[in-house]
Amino acid sequence: MNCRLCGSTNLASVVDLGATPPCELFLSAEQVDQPEMTYPLHLRLCTDCLLAQLPPLITPEETFTEYAYFSSYSDSWVRHAKDFVDAQVERIDPKFVVEVASNDGYLLQHVVERGIRCLGIEPSVNVGAAARDKGVPTLTEFLSPRTGQAVREEHGPADLVVANNVYAHIPDVVGFTRGLRALVADDGWVSIEVQHLLTLIEQNQYDTIYHEHFQYYTVASAQKALASGGLSLVDVELVPTHGGSIRLLAQPTENAGEPTQRVADVLAREKAAGLHELAGYAEFARRVAGVRRDLLRFLVDAAARGRSVVGYGAPGKGNTLLNHCGIRSDLMAYTVDRNPYKHGRFTPGTRIPILPPEQIAVDRPDYVLVLPWNLRAELTAQLSYVGEWGGKLVFPIPHLEIVEVKKS
Ligand SMILES: [Zn+2]
């Protein structure tokens, strides 16, 4: 196995989560009676360039042709996108904005509202169609240097290229970065939001490791990835989405200024946490095993006491957790999700039924295990009705917490 960024063969084990199916391949009722492929889920670190990575065992084409994730189902994510657009319009006053992996238009709809020209590039046919229904011009494509060049020739260079929650999802990180460089004007900006490996490690967010995330970035490794495609990191912001992300602001290398003090500050935090050398990753696997033991102990005990447990949410990361812990419907009867695409389907690997959220109020379970823990504040408010019958919320990460909810 070679590092996909620098080609080195010096890849060291960080954590081995066993073998699981791709986390977005929810099963239909017919598929539950059929075999299912699993793939090893073993995170490794390149000790030369420090890129944490999974081998490319699945292709993005397998995942994204019909994708189940519609960004607009999360209220807080849509608000976050609007705040971002407001800030960027204020900062650089763009005349043309391109978003890569624009999903269902959750972000560009705010650009359209302002009368600014924009284009989404989204590989999923069904998700891109939802964006066009909202009036967001959307091209059904994967970004490559060739696609980037074709868009530039047809629409002109973009003042702002946005790539949120995609920089981990592409196995060809060098080609993708060259694609971004092709899209952006020579004096334009590229803004990338991606999960921060520092918080992943510090907060035990191991369930965000799944096959669709091919690499996991520190600012140090992101700088190298950007440079591979002709971009230079100028500024970085820490943002709270997905439990802790970095917003990387980059410019074409020939026009980029010196990195800001904020870049130096985040690099210093990473270095202090030990993440600029292999030794800093050593404790992580031990803490992951602890999360699994605590959650299983709680679920087995609840089952033994005759208490009912259901899930809330069917996010991709929930499937890493459920598979790694070996949780089946005897320990968690079902989960619910707001996305109607998932209703009547089953979680990959663990085959737990997914129902509409209304089922919780019907069944009044003793415990609701919240799988999208990153939306904790939003979901604690949304699920306050569970307190009406004395039900409690359970958060598995960063460590097991059982929370009483106030009756509203
Ligand atoms: Zn490397």
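The values are calculated or read from the model by the stated rules, or taken from the named source; none is laboratory data. All values reported here derive from a predicted model rather than from experimental measurement. Glycine also receives a Cβ, built like all others from the backbone with ideal geometry; neighbour counts cover every protein chain displayed.
Screening segment 6-34 for residues that are under 20 Å from the mean Cα position of the chain (by Cα) and in a loop (DSSP other than H, G, I, E, B) and picking the one that is farthest from the ligand (Cβ to nearest atom) gives Phe26. Taken over segment 372-386, the criterion of being over 22 Å from the mean Cα position of the chain (by Cα) and of a type in the set (Gly, Ala, Ser) is satisfied by Ala381, Ser384.
Among the residues of segment 105-126, are any small (Gly, Ala, Ser), modelled with pLDDT under 95 and not in a strand (DSSP E or B)? Looking through segment 105-126, at least one residue is small (Gly, Ala, Ser), modelled with pLDDT under 95 and not in a strand (DSSP E or B).
In segment 135-152 there is no residue that is without any contact (Cβ under 8 Å) to a residue 40 or more places away in the chain, among the acidic types (Asp, Glu) and not in a loop (DSSP other than H, G, I, E, B). Take the residues in segment 303-344 that are among the charged types (D, E, K, R) and surrounded by fewer than 20 Cβ atoms within 10 Å (Cβ to Cβ), then tell me which one is nearest to Arg293 (Cα to Cα). Selected residue: Arg328. Selection of segment 323-365 for residues being in contact (Cβ under 8 Å) with a residue 60 or more places away in the chain and either over 23 Å from Ser384 (Cβ atoms) or outside any loop (DSSP other than H, G, I, E, B) (or both) yields Asn323, His324, Tyr341, Lys342, Gly344, Arg345, Phe346, Thr347, Pro348, Gly349, Arg351, Ile354. Against the numbered list (1) among the polar types (S, T, N, Q); (2) touching an Asp or Glu at 6+ places or on another chain (Cβ under 6 Å); (3) on the phi > 0 side of the Ramachandran plot, Asn165 comes up short only at (2).
Name the residue that is nearest to the ligand (Cβ to nearest atom), counting only residues in segment 35-60 that are out of contact with any Leu (no Cβ under 8 Å at 6 or more places or on another chain) and not hydrophobic (A, V, I, L, M, F, W, C). Filtering segment 35-60 for residues that are out of contact with any Leu (no Cβ under 8 Å at 6 or more places or on another chain) and not hydrophobic (A, V, I, L, M, F, W, C), the one nearest to the ligand (Cβ to nearest atom) comes out as Asp48.
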